[in-house]
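Notes follow the structure.
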Amino acid sequence: MDRISKIVRTDKKFALLAQEHWDSVAKPLRSFGLFEDNWNKIAAVQKTESPDISSRAVVVMCADNGVVDEGVTQTDRSVTRICAEAIACGKSNINALGKIYGAQVVAVDIGIADDVQCEQLLNRKVAYGSDNIAKGPAMSCENVFRAVEVGMDIVRDLAEKGIKLIVTGEMGIGNTTPTSALSSVLLGLPPEVVTGRGAGLSSDMLEHKIEVVKRAIAVNSPFSDDPTELISKLGSYEIAGMTGLFLGGAVYGVTVVIDGVISAVSAVLASMYSEACTDYMLASHVSAEPAGQGLLEKLGLKAVINGGLRLGEGTGGILLLPLLDGAAAIYYNSHKFENSGIERYAELK
C-alpha cells in the first residue's frame, strides 16, 4: 500500500496541448463534447499530445459474497464459478465484445468460494469468498490490503506489457448488495434509495434485499472516512480488487474505465485513498442501478452512455472503447483549419 503515497495529479499541460490540437480540427470549437475532454484526460495520463489507446484490456474481478446466504439473489453462488470459467475461456458476454473492440480480457479469481481448475483464470485468490455482511464484517483489514494490492499488481503487470487503458469488470453473485450498503454510506442516502434489483429481483425480493442492506449497516456501524474500514465492513473481494485497479492506474500511468455501479463504488473508495487517482479515471455509462449516477457525481465525472445497462463483466465499460476510437479518428485524421480553406471558428463567450 506504500505505492499509494506516490500517486500524483496528471500534468494538465498535455491536456491543454491536446485541446489545442482539437481546436485546430475544422469543426466548431469543443463540438465533440465529452469525447474531447476524455481524450485530453488520456493525453495527460500518457504525458503526450498524441495518446494511443490501441493496447487495452478488460480486467474482470471474480469473487463470491457471503450475503448470498440471505436470499438476495435469484441464483446461488455456484454461478460465480461457472461464469468466471466462461470468461476465462473466452465464451462469455465480455469476450464477445472484447474480440470486436480489440481488448484483451483477463479473468481474475480474487475470492471465488471454490477451487477453480481453469488454467486461463488468473489465480489471485485472497479468500474463499467474503463473509455475510448481514451478520458482521465482510473481511479483515489485512485481506482488504491484500485484495487492493492484487488489483495494483495486475495493473503493473499489464502496464509492463504495454497496456495503456484498462476497463474494470466484475463477476460475483450477490455483489450488488454490498454495493448498495456502501453506496448508502458513501452518498448519505437511505438504503431504499440506492438499492436496486441487481440481476433481476421481484418487488418482494427487492424489499427483502433493502432490509438486508439495512441490517448490514446496523450490524457493522460503518460510519468512517477510512476506505479500508468501509471495505472491511461492507465490501467484497471484487470491490477491493477493482479499488486496486483504479489506484494502480494512477501509480503506473494507465487510464482506467469505470463500468457500472459496482465499479463506480470501487472508484469512489479509490478516491478516498487518493483523490488524485480520479485524474486517471473515465466514466463509461450510467448504471441502471439507482446509485450509479450519484456515485459518478461524487467523483465529479460524467458518463457518455446512458442505456439502462446492468449486465456487469465490464460490458458497459468496454462500449466506451469504440466511441474513443471514433474520437481518435477525428483527432488524427480530420482536415485542419489551416489547410482546408475554412475560417477558424471564434471562441464562444
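Can you find, within the stretch 108-128, the residue that is farthest from the chain's Cα centre (by Cα) among those that are of a type in the set (A, V, I, L, M, F, W, C) and within 15 Å of ASN175 (Cα to Cα)?
Looking at the filtered set, the residue picked out is ALA113.
If a residue must be assigned to a loop (DSSP other than H, G, I, E, B) and not small (Gly, Ala, Ser), how many such residues does the stretch 191-214 contain?
Qualifying residue count for the region: 3.
Residue by residue through the stretch 42-94, note down the ones that are touching a His at 6+ places or on another chain (Cβ under 8 Å) and within 30 Å of THR10 (Cα to Cα).
Across the stretch 42-94, the qualifying residue is only GLU49.
Can you pull out every residue in the stretch 306-324 that is in a loop (DSSP other than H, G, I, E, B) and either modelled with pLDDT of 95 or more or of a type outside the set (D, E, K, R) (or both)?
Passing the criteria: ASN306, GLY307, GLY308, LEU309, LEU311, GLY312, GLU313, GLY314, LEU319.
Out of the residues in the stretch 270-290 that are among the acidic types (Asp, Glu) and more than 15 Å from VAL257 (Cβ to Cβ), state the one that is surrounded by the most Cβ atoms within 10 Å (Cβ to Cβ).
Among those that are among the acidic types (Asp, Glu) and more than 15 Å from VAL257 (Cβ to Cβ), it is GLU289.
Return yes or no: is VAL213 open to solvent by less than 10 Å² (accessible area, probe 1.4 Å), over 21 Å from THR255 (Cα atoms) and at pLDDT 95 or above?
For VAL213, the condition - open to solvent by less than 10 Å² (accessible area, probe 1.4 Å), over 21 Å from THR255 (Cα atoms) and at pLDDT 95 or above - is met.
Identify, from the list SER50, SER24, SER54, the residue that is over 30 Å from GLY90 (Cβ atoms) and open to solvent by 50 Å² or more (accessible area, probe 1.4 Å).
Within the list SER50, SER24, SER54, the selection yields SER50.
If you take the residues of the stretch 13-49 that are in a loop (DSSP other than H, G, I, E, B) and touching a residue at least 40 places away in the same chain (Cβ under 8 Å), which of them is nearest to the chain's Cα centre (by Cα)?
Per the stated criteria, the residue is LYS47.
Taking the options ILE100, ILE110, name whichever one is touching a Lys or Arg at 6+ places or on another chain (Cβ under 8 Å) and either among the β-branched types (Val, Ile, Thr) or in a loop (DSSP other than H, G, I, E, B) (or both).
Matching residue, one of ILE100, ILE110: ILE110.
Within the stretch 239-266, can you find the residues that are touching a residue at least 40 places away in the same chain (Cβ under 8 Å) and of a type in the set (Gly, Ala, Ser)?
Scanning the stretch 239-266 gives ALA240, GLY241, GLY244, GLY248, GLY249, ALA250, GLY253, GLY260, SER263, SER266.
Just checking, which of ALA327, ALA346, ALA303 is in a loop (DSSP other than H, G, I, E, B) and within 15 Å of PHE32 (Cα to Cα)?
None of the others qualify; the one that does is ALA303.
For the stretch 172-192: of the residues being open to solvent by 20 Å² or more (accessible area, probe 1.4 Å) and β-branched (Val, Ile, Thr), which is farthest from the chain's Cα centre (by Cα)?
Residue satisfying both the conditions and the ranking: VAL185.
Any residue at all in the stretch 285-295 that is in a loop (DSSP other than H, G, I, E, B) and among the hydroxyl-bearing types (Ser, Thr, Tyr)?
yes
Please determine whether any residue of the stretch 162-178 is in contact with a Ser or Thr (Cβ under 8 Å, 6 or more places away or on another chain) and modelled with pLDDT under 95.
no
Of all residues being of a type in the set (A, V, I, L, M) and open to solvent by 20 Å² or more (accessible area, probe 1.4 Å) in the stretch 300-327, which is nearest to THR278 (Cα to Cα)? Just the residue, please.
Filtering the stretch 300-327 for residues that are of a type in the set (A, V, I, L, M) and open to solvent by 20 Å² or more (accessible area, probe 1.4 Å), the one nearest to THR278 (Cα to Cα) comes out as LEU301.
Any chance you could count how many residues in the stretch 84-97 are open to solvent by 50 Å² or more (accessible area, probe 1.4 Å) and either in contact with a Ser or Thr (Cβ under 7 Å, 6 or more places away or on another chain) or outside any helix (DSSP H, G or I) (or both)?
3
The values are calculated or read from the model by the stated rules, or taken from the named source; none is laboratory data. From a predicted model like this one, the values you see are computed outputs, not experimental measurements. Note that we place each Cβ from the backbone using ideal geometry, even for glycine, and neighbour counts take in every protein chain shown. Just so you know, the surface numbers come from the protein's heavy atoms only, side chains and all, with ligands and any DNA or RNA stripped out. Shrake-Rupley method; radii C 1.70, N 1.55, O 1.52, S 1.80 Å.
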